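These notes concern the structure reproduced below.
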Amino acid sequence: MKHSMPGAVSARPNVLFVTVDQWPGNLLGSAGHPVIETPTLDHLASVGTRFSRTYSECPICIPARRTIMTGTSPRRHGDRVFQPSLRMPEDLPTLAETFGRHGYQTQAIGKLHVYPQRDRIGFDDALLAEEGRGALGGTDDYEMFLADKGYAGQQFMHGMSNNEYSWRTWHLPEETHVTNWTTWAAARTIRRRDPTRPGFWHVSYTPPHPPLIPLASYLERYRARQMDEPYIGDWAKDDEGLPLPLELTRDYWARLPSEQLADMRRAFYALCTHIDHQIRILVGTLREEHILDNTVIMITSDHGDMLGNHGFYAKRLMYEGSANVPMIVVGTESDRRVQTGSVDDRLVGLQDVMPTLLDLCGLPVPKTCEGRSMVSEDRRDFLYGEALSGPKAMRMLHDGRHKLIWYPAGSRFQLFDLELDPNEMVDRIDDEAYAGVTMALKRRLRQELYGEDLEALSGDHFVGVSVPAKAASSNRGLSGQRGLHFPAPPLQDPSAVVGGV
């Protein structure tokens, strides 16, 4: 069905680039999930391509977004840990900067997670919803909206933390929910575009990342559902036998009883379905503006969430729930490079976002980009992933079927065969039938290591680093719990990490 004005002149494609925060790759109806409702995303997958093996090279918010915005790996852009005061590298052209250089109007709506917060990183303008980070300096557009509505500083009066798994329904009128505001602001931005120039619109939703505060109407649709149970492999059942980073992760988040965990998932899924429905409004806006057929649409996430699987929560881990993310690409109506109704199982990283969008718009890709266009014939044989440093470090090497994970503390390895075991239930590191695979993956992993990781090697041997004694963790701040935001809280050290392990 055509959605262009009769007689309209063909122009360079527009781009609607949507990101969500902390959404696992399997949490789509089109990916076979038995419970989640994602009709809009499923439909977009049916008119485009879903890339099923897409990974966040560093499944942590800031490093992942630096990868998206520069088309580079954490090694190149400089963060595999989470450094909230680290500036975007000056020698790397950003996604927005590159589109802008070629005549595009570029707008960001939602979460950028950069420092300083009002750094537009190449966008013409940015309307920000930064999850209450005003204490780092900078004005939050969503919080100004709440103030205009008469709810100044009340964003977090629901009492839920940005990094925990308690939940309740949204406490203010529906129109003030951050998902609704993001959609409203984005749709208005598209409506107000310059009609003489193509548009690049980055719409960045903050849910389903905690706080888990769904609208009551969306939670209600999951109330009577039989929820999917978390799964746990035999390797994950021995708390004391886990590699140190996994012990620390399990110690940090309390393990929820089964009924509470089911309700937490209901709240999480409700946030996802709410976003799914709001994306319909963005598509409808493009249609009514007669530019839908000439717009490239891409939807992905910065990382996933374990949601209790294997007894873990949140991100940072290299398992599928944390590192595998959704990736749906819809080309323009006339572009046959994007297959319709297709599932592409090539290895994709978030570094591929920038070259793919530029390629689909016929624009040159900066030489600084390390990623590959998803619509080219250039496929990778391996994908390297990394998270954290020191005794918390985790490294991953994926060959498209097998995943090797290395924990330098104690030099512990895991190996999973994702073709036979997509939920990573069986650790095959000691299985003689996989000895050749393990050796090949270790050899390739050795080539990817740099920095402090080299101290855990002796020639070609992985010797690891010593395992420090576990220190008792103190979470007096309730994982970065926010408070009353009017008057605004005092400024804090921007380099301080709030929440997390």
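Potential lengthening of the chain between Val35 and Asp234 amounts to 69.2 nm, from the contour at 0.36 nm per residue minus the alpha-carbon distance. The residue among Ile279, Leu317, Gly241 whose Cα reaches farthest toward the positive pole of the charge dipole of the range 239-390, with charges on the beta-carbon of Lys, Arg, Asp and Glu, is Ile279.
Over the range 234-381, the fraction of Cα-Cα pairs per 10 Å bin, rounded to whole percents and listed from the shortest bin up, is 9, 28, 28, 22, 11, 1. Shape class of the range 340-448 from the Cα gyration tensor (axes a ≥ b ≥ c, square roots of the eigenvalues): prolate, since a/c reaches 1.5 or more and a/b is larger than b/c. Straight Cα distances below 18 angstrom link Lys403 to the lysines Lys315, Lys442, with same-chain residues fewer than 8 positions distant left out. I need the shape label for the range 190-247. Rule: rounded when a/c is under 1.5, else prolate if a/b > b/c, else oblate, with a, b, c from the alpha carbon gyration tensor. Cα axes put the range 190-247 in the oblate bin. By the count of neighbouring beta-carbon atoms within 10 Å, fewest first, Tyr252, Tyr407 end up ordered Tyr252, Tyr407.
For Asp148 and Ala216, the difference between the fully extended length at 0.36 nm per residue and the C-alpha to C-alpha distance is 22.1 nm. In this label model, Ser85 and Arg444 are separated by 3.9 nm, measuring between points 7 Å along each Cα→Cβ vector.
Working note: Karplus 6.51/-1.76/1.60 with θ = phi - 60° gives the range 161-175 the couplings 8, 6, 9, 9, 10, 6, 8, 6, 7, 4, 9, 10, x, 3, 5 Hz, where Gly and Pro are set to x.
Each Cα pair under 8 Å and six or more residues apart adds its separation to the average, and for the range 342-383 the resulting relative contact order is 47 percent. The H on the amide N of Ser301, modeled in the peptide plane, is under 5 Å from the matching H of Val20, each at least 5 residues off or on a different chain.
Cβ crowding within 10 Å ranks Arg482, Arg168, Arg336 as Arg336, Arg168, Arg482, fewest other Cβ atoms first. The packing ranking, built from the mean of other Cβ atoms within 10 Å per residue, places the peptides 429-442, 195-208 in the order 195-208, 429-442, highest first. Residues Cys369, Cys272, Cys58, Cys361, arranged from fewest to most other Cβ atoms within 10 angstrom of their Cβ, appear as Cys361, Cys369, Cys272, Cys58. For the range 182-309, the Kirkwood estimate of the hydrodynamic radius, built from every pair of different alpha carbons, is 17.8 Å.
Short to long, the 5 Å bins of the Cα pair-distance histogram for the range 93-189 hold 2, 12, 21, 21, 19, 12, 7, 4, 1, 0 percent of all pairs. Ellipticity at 222 nm from helices only: DSSP H runs of n ≥ 4 in the chain, each -39500 (n - 2.57), divided by the residue count, give -7000 deg cm²/dmol.
Label-to-label distance, Arg380 versus Ser334, with points set 7 angstrom from Cα along the beta-carbon direction: 3.3 nm. Note: relative contact order over the chain, using C-alpha pairs below 8 Å and six or more positions apart, is 26 percent. Its Cα gyration tensor gives the range 410-496 an equivalent ellipsoid; the semi-axes, largest first and in whole Å, are 40, 20, 14. The charge dipole of the chain, taken about its Cα centre with unit charges on the Cβ of Lys, Arg, Asp and Glu (plus for the first two, minus for the last two), comes to roughly 880 debye.
Computing Rg and the Kirkwood Rh from the Cα coordinates of the chain gives a ratio, Rg/Rh, of 0.95.
Among beta bridges from DSSP that stay inside the range 14-381, the antiparallel ones total about 20%.
Readers should treat all values here as calculations from the given coordinates under stated rules, not as data from a laboratory. Treat the numbers as computed from the prediction; the structure is a model and nothing was measured. In this analysis, Cβ positions are derived from the backbone assuming ideal geometry, glycine residues included, and neighbour counts consider all displayed protein chains.
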